[in-house]
Structure formats: C-alpha cells, structure tokens
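First comes the structure, then the notes that go with it.
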Amino acid sequence: MGKPGFHESERSERSWWVYKPNKIADLHHRFRLRGERWHRRLSVRDTGKVMTLGDGTAVEEYDSNGEFVRSFGEEILRYAVDITVANDGRVLVLDNDDPSRSDTLKADLVVHIFSEHGDYLNKFKLKRSFFKYTSITFQPAGEHVVVAGIDLNRNLLEVKILSKDGEFVRSVQIQNCDEFFEVRGIAMNNDGRIAAVITNLKNGKVVVL
C-alpha cells in the first residue's frame, strides 16, 4: 500500500501516472512513469522517492520530482505482486517464484530483499498454504514484515506477521463473509492496528483488525 499522500499508479490510454495530493487532497504534483510497462503497486520512501513494480518483473525507482533513478530486479523477479520499503531503506518484493504459474494460490511465494541502491541481498519463502497472499507492508516500530491473503475455499482473510528476516511471529484470521477474493493493500500502524483493502469484481471494503 502506498504511503499516505501518494496514489497508486493510474493508467491513461498510453501511459501511467503517479499523483501526489497535498494535505487537503488537492493535486500538488504528478509525474509520468516511463515506457509502457504495466505498473501495479507502489511504495514510497521517507525521502519521497517512489518505488513501483513494472510488469511484475522489475522495480523502478523515481525521485520525489518524478525523475527516473534506476531499475533493478530484472533477472530475479518472476511475477511480483507487491512491494514495500523497510525503515533502513531495504526494498521487499512479494514474488511468485515459479515463472510458469501466475496463480499465486498454487505457487511458492518469496519475499526478495534488495538494498536501498537496488543490490540483491537475500530472500525468504512463505510457507505454502491455501492462502493467496497478494499484499505486503513493513511496520517500522516492530521491524515486522506483514503479508495478507485470502483462502478462497474457506472464505478466510489472513494477516501474517514475520520478522524482517522472515521468521514467523503471529497470524490473524477472520471470516470473509462477503466473498471478497483479493487483498489489494495493507497497512499496519505503530500500535499494531492493521487495515486491509479487499475486493471482488464489483465492490471493495476496508477491514480493520
């Protein structure tokens, strides 16, 4: 989920744009992402730099003015579904590690870790389960990695909390009565409160834990 003040990439007929409103929600600044890649998710550093996923196979970094800085992860990412930035500047990408499967329900999911300059550092796997994990965020206070997904067979929403090195800490599950099938964004504040955006083909809602 993007940092407050930034909107998800918005697609026009031939291009993608990032919009930055001011504190009263008026448009302050916008910039166009380069090329014609499909940009799905973004995250924002404390410095204002924007990290976005291009085609699920690369991370693109832009400065706070919208100037392209670098891209990385092209030889590593297979089918990335979300991205977040840790408080030490590291970039964490939630990725489908099997290039033959776009179905994240059946494939192993991996969190790839890059340095703030885009150098590859490490990875850890999420234990395979019936949950389709599609969203990731980082909680600075506890230095926790937080992922969220939905079990379509049992209509359950799960939020899993891990250490920054991938060690399991705890998980929370709630019944998903309205048959929403995807988590589109997640955030966790310093007090441990969690908000998740879940959607189906027609509607969406915010669940607060």
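No lab work stands behind these numbers, since they all come straight from the coordinates. The shown structure was predicted, so the numbers you read here are calculated from the model rather than taken from an experiment. Quick reminder, even Gly has a Cβ in these numbers, built from the backbone with ideal geometry, and neighbours come from all protein chains shown.
Beta carbons within 10 angstrom, averaged per residue: use that to sort the peptides 113-126, 186-199, 15-28, highest first. Kindly include the intermediate steps, with their values, before the conclusion.
Numbers: 113-126: 14.8, 186-199: 16.6, 15-28: 12.9.
Per-residue mean Cβ counts within 10 Å order the peptides as 186-199, 113-126, 15-28.
Mind giving me the FRET efficiency for Glu36 and Phe181? R0 is 41 Å, r the Cβ-Cβ distance, nearest 0.05 is fine.
0.90
Residue by residue through the range 180-196, which ³J(HN,Hα) values in whole Hz follow from phi under the Karplus form 6.51 cos²θ - 1.76 cosθ + 1.60 (θ = phi - 60°), with glycine and proline marked x?
Once θ is set to phi - 60°, the couplings for the range 180-196 become 6, 10, 8, 8, 9, x, 8, 9, 9, 8, 5, 8, x, 6, 10, 10, 10 Hz.
Let's test the formula: R0 of 25 Å, r as the Cβ-Cβ distance of Asp63 and His28. What FRET efficiency results, to the nearest 0.05? Don't jump to the answer; show the numbers that get you there.
Details: r = 15 Å, r/R0 = 0.61.
The value I calculate is 0.95.
Asp55 to Ile174: extension gain in nm, 0.36 nm per residue of separation minus the Cα-Cα distance? All intermediate terms of the calculation are to be shown ahead of the outcome.
On the way: separation 119, 0.36 × 119 = 42.84 nm, distance 3.15 nm.
This chain segment gains 39.7 nm when fully extended.
Quote the charge dipole size of the chain about the Cα centre in Debye, to the nearest 20; the model charges only the Cβ of Lys and Arg (+1) and of Asp and Glu (-1). Could the numbers behind the result be given before it?
Details: 31 positive and 31 negative charges, 83 e Å.
For the chain, the charge dipole is close to 400 debye.
Show the residues, 5+ positions off or on another chain, whose built amide H is closer than 5 Å to the amide H of Gly89.
Here nothing satisfies the definition.
How big is the shadow of the Cα convex hull of the chain, averaged over all directions, in nm²?
Numbers: hull surface 46.5 nm².
If I average the Cα hull's projected area over directions, I get 11.6 nm².
Once the Cβ-Cβ distance between Glu143 and Glu74 is put in as r, and R0 is 30 Å, what FRET efficiency do you end up with, to the nearest 0.05? Display every interim value, and only then the final one.
On the way: r = 28 Å, r/R0 = 0.93.
Efficiency computed from Cβ-Cβ geometry: 0.60.
Below 21 Å Cα-Cα, how many Lys pairs turn up in the chain? Only count pairs eight or more apart in sequence, or on different chains, if you could.
Step by step, the pairs that qualify in the chain add up to 25.
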